[in-house]
Structure formats: C-alpha cells, structure tokens
Amino acid sequence: MVTKKIIDSKRVRRIDGGFSFIPHRFLTDGFLAALSQKELLLYLFLVLASDRYGLSYYAYDTICSLLGFDVDDYIEARNSLLKKDLIAFDGTLFQVLDLPPTAKHQDPIAHLINHSIKEVGHAG
C-alpha cells in the first residue's frame, strides 16, 4: 500500500467561496466510466456552477459557448445526464443530484468503445 503525504502543504485544497465537489464514489462506482466526454464536461460544469444544494441556472447558450458545444451536443448531454439520474432540470434551473445507488451505463457499444479507448491509453 502506498503511504500518502502532503507534497505541498502551502497548497492543500479547501472549500472557500464555492461549494463544488464530486464524491469519490463517482470514480469508484463507475459513474465516470458511464459518461461520454460531453456528458462528463457538462456534469463537471454543472458541479462547478452549482451552489451548496447543487442548483444553478446558466442558460443553454452560455453553457454551449463556455463548453464549445453546439445545441445538439448540449441537448444530448443534458438528456443523457437526466436519464442517468445525475441531474434534474425544470426548463430553467439545474440541480446536480446526490449520486444514485448505481451508475446507469451508456449503451453497450458506446461503453465498449470508451473502455477500449481507455485501455489503449493505459497501454502506451
């Protein structure tokens, strides 16, 4: 087992003005692996933009501009995050939700392709 120690004690992360965080379970329970790159980018943006209750109200055009998405990319990523039960959206307001009990994986072919790409990246 690796023994961990602080490398730079002057730069330890802490929550100051914002309240953004992603639980470790996002990685260990397969949520990260279940997302496409665009879904992950939108999810990360919503986490960063949200308050302590997970709420944010950025308009789609601002999100598209900041993330380099076209409207179709945005709609597809948003709808997929809704389907995977990671966010709620009422037409104006987003809420990043507490993680569900299990990750809802993307379609099997896309999941296989993403997994293969990750494996190739680790092999090099």
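Here are a few things to note about the model shown:
- Taking first residues from segment 1-20 that are modelled with pLDDT of 80 or more and partners that are outside any loop (DSSP other than H, G, I, E, B), the Cβ contacts under 6 Å between residues at least 6 apart in sequence or on separate chains come to Ser20/Val47; Ser20/Leu48.
- Residue in segment 31-41 that is in contact with a Phe, Trp or Tyr (Cβ under 7 Å, 6 or more places away or on another chain), hydroxyl-bearing (Ser, Thr, Tyr) and either within 14 Å of Leu81 (Cβ to Cβ) or surrounded by 16 or more Cβ atoms within 10 Å (Cβ to Cβ) (or both) present: no
- Residue check for Leu46: in a helix (DSSP H, G or I), without any contact (Cβ under 8 Å) to a residue 60 or more places away in the chain and touching a helix residue (DSSP H, G or I) at 6+ places or on another chain (Cβ under 9 Å): yes
- Matching entry among Ala103, Ala77, Ala88 (being at pLDDT 95 or above and outside any helix (DSSP H, G or I)): Ala88
The values are calculated or read from the model by the stated rules, or taken from the named source; none is laboratory data. Please read these numbers as outputs of a predicted model, since none were measured by experiment. Heads up, the Cβs are rebuilt from the backbone with ideal geometry, glycines too, and the neighbour counts pull from every protein chain shown.
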